[in-house]
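Each reported figure results from applying straightforward, stated rules to the coordinates on display, with no laboratory input. All of these numbers come straight from a predicted model, not from anything done at the bench. Cβ sites come from the backbone with ideal geometry, for glycine too, and all protein chains shown count toward neighbours.
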Amino acid sequence: MSNKVVIIPTYKEKENIENIIRVVFNLPEPFDILIIDDNSPDGTADIVKNLIKEFPDRLNIIERSGKLGLGTAYITGFKWSLEHGYDYIFEMDADFSHPPEDLINLYNACHNDGYDMAIGSRYISGVNVVNWPMGRIMMSYYGSMYVRIVTRMKIMDTTAGFVCYTRKVLDAIDLDKIKMKGYGFQIEMKFTAWKKKFKIKEVPIIFTDRKQGTSKMSGGIFGEAVWGVLKMKISSWFKKY
C-alpha cells in the first residue's frame, strides 16, 4: 500500500479504464487507485473488479447506485481515503485528459516543495488545451476569470479537476458542507482551501480532450457553477474559516 491514492470517478469509461489504471501503476512513483463507479451500464465496474485480482493491494472500487454527481463521488472518495490512512489524495479523470505522468509533479509540489495542495493547471502558463473547440476553451478560460473576479482567489484554473490534496487540507474541510455537485464542486473545494489559508501551487499541464468515450459536460453543470459561485461568495461573508 502506498501513502498516495488517486481517485477516479467513472461513468461509461470501458474504453479507457484498464489503460489508465495500468499507466498509473507503471509510473516510477507508487500510487494506489480508488475507482468510484456510478453504476456504469457498459461494464466499467466489471473491468475494474477483474483487474483487482491482478492488483489486490493497490486497486479499489466503490460502486454507487447511479449518477449521483461528480462532487459526491469525490467526497465519497475523500472520506474513504482518510479512513484508510492516505497522506496524499489525488483527483483525476479516467479519459487521459489529465496526463498521468504529471501525478508525480503534483506530488512533488506537496511532498518536496511544502505546498498543501497542488493543481494541475491548464492556464498558469498560457492556454495549454489540445483538441477542444474554441468555444469550449473560451467558456472554460473566461469561466475561471469570472470565478477569480467574484472570489478574489489568485488561482488561474479554478475549475481544474486534476488536484493533489494533502491529508491536512481534507481533514480541515467539513466535506458534508460542500454544496455544489457538478464542476462547481472543484471551485468550492479550492475556495474553501484558499479561505483556510492553505498553501496552493498551480503546476502547468497540457490538457488533451478525450479520444475514447463521451464527455460528461452539460449546460446544467456550467449553470450550477455560475450561480453557485455567487451563492458561495455571499455565504462566505457569514462564515468563519
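Quick check: net charge around L230, other residues with Cβ under 14 Å of its Cβ, Lys/Arg +1 and Asp/Glu -1?
So the environment of L230 carries a net charge of +3.
Can you tell me how much longer the chain between K199 and F238 gets when fully stretched, taken as 0.36 nm per residue apart minus their C-alpha distance, in nm with one decimal?
Length difference between fully extended and current span is 11.7 nm.
Test of understanding: ordering I104, I7 by Cβ neighbours within 10 Å, fewest first, what list do you get?
So the ranking, lowest neighbour count to highest, is I104, I7.
Roughly how far apart, in whole Å, are the Cα centres of region 147-210 and region 223-241?
Computed from Cα coordinates, the inter-centre distance equals 14 Å.
Projecting each Cα onto the charge dipole of the chain (Lys/Arg +1, Asp/Glu -1 at the beta carbon, about the Cα centre), which of I89, Y123, A109 comes out farthest on the positive side?
Towards the positive end, the residue furthest out is Y123.
Is region 1-85 best put as rounded, prolate or oblate by its Cα gyration tensor, with a ≥ b ≥ c the root eigenvalues, rounded for a/c under 1.5, and otherwise prolate when a/b is larger than b/c, oblate when not?
Oblate, because a/c is 1.5 or more while a/b does not exceed b/c.
Name the long-range amide H neighbours of S121: under 5 Å, sequence gap of 5 or more, or other chain; modelled H, no Pro or chain starts.
Amide H neighbours of S121: V203, I205.
Quick one, which of [x] 16.5, 44; [y] 16.8, 50; [z] 20.0, 79 is the actual Rg and Dmax of the Cα atoms in Å calculated for this model?
Derived directly from the coordinates: [y].
Quick one: compute the contact order of region 71-215, relative version, from alpha carbon pairs under 8 angstrom and 6+ residues apart, as a percent.
41 percent.
Using +1 on the beta carbon of Lys and Arg, -1 on that of Asp and Glu, and nothing else charged, what's the dipole of the chain about the Cα centre, debye to 20?
Here the size comes out at about 1240 debye.
In deg cm²/dmol, rounded to 500, what helix-only [θ] at 222 nm does the chain give when every DSSP H run of at least 4 residues adds -39500 (n - 2.57) and the total is split over its residues?
The helix contribution divided over the chain gives -12500 deg cm²/dmol.
Near P30, within a Cβ-to-Cβ distance under 10 Å, what is the net charge of the other residues, with Lys and Arg +1 and Asp and Glu -1?
Taking every Cβ under 10 Å from that of P30, the sum is 0.
Near K4, within a Cβ-to-Cβ distance under 11 Å, what is the net charge of the other residues, with Lys and Arg +1 and Asp and Glu -1?
With Lys, Arg at +1 and Asp, Glu at -1, the neighbours total -1.
Just want the ordering: V48, V23, from fewest to most Cβ atoms lying within 10 Å of their own Cβ.
The most exposed by this proxy come first: V23, V48.
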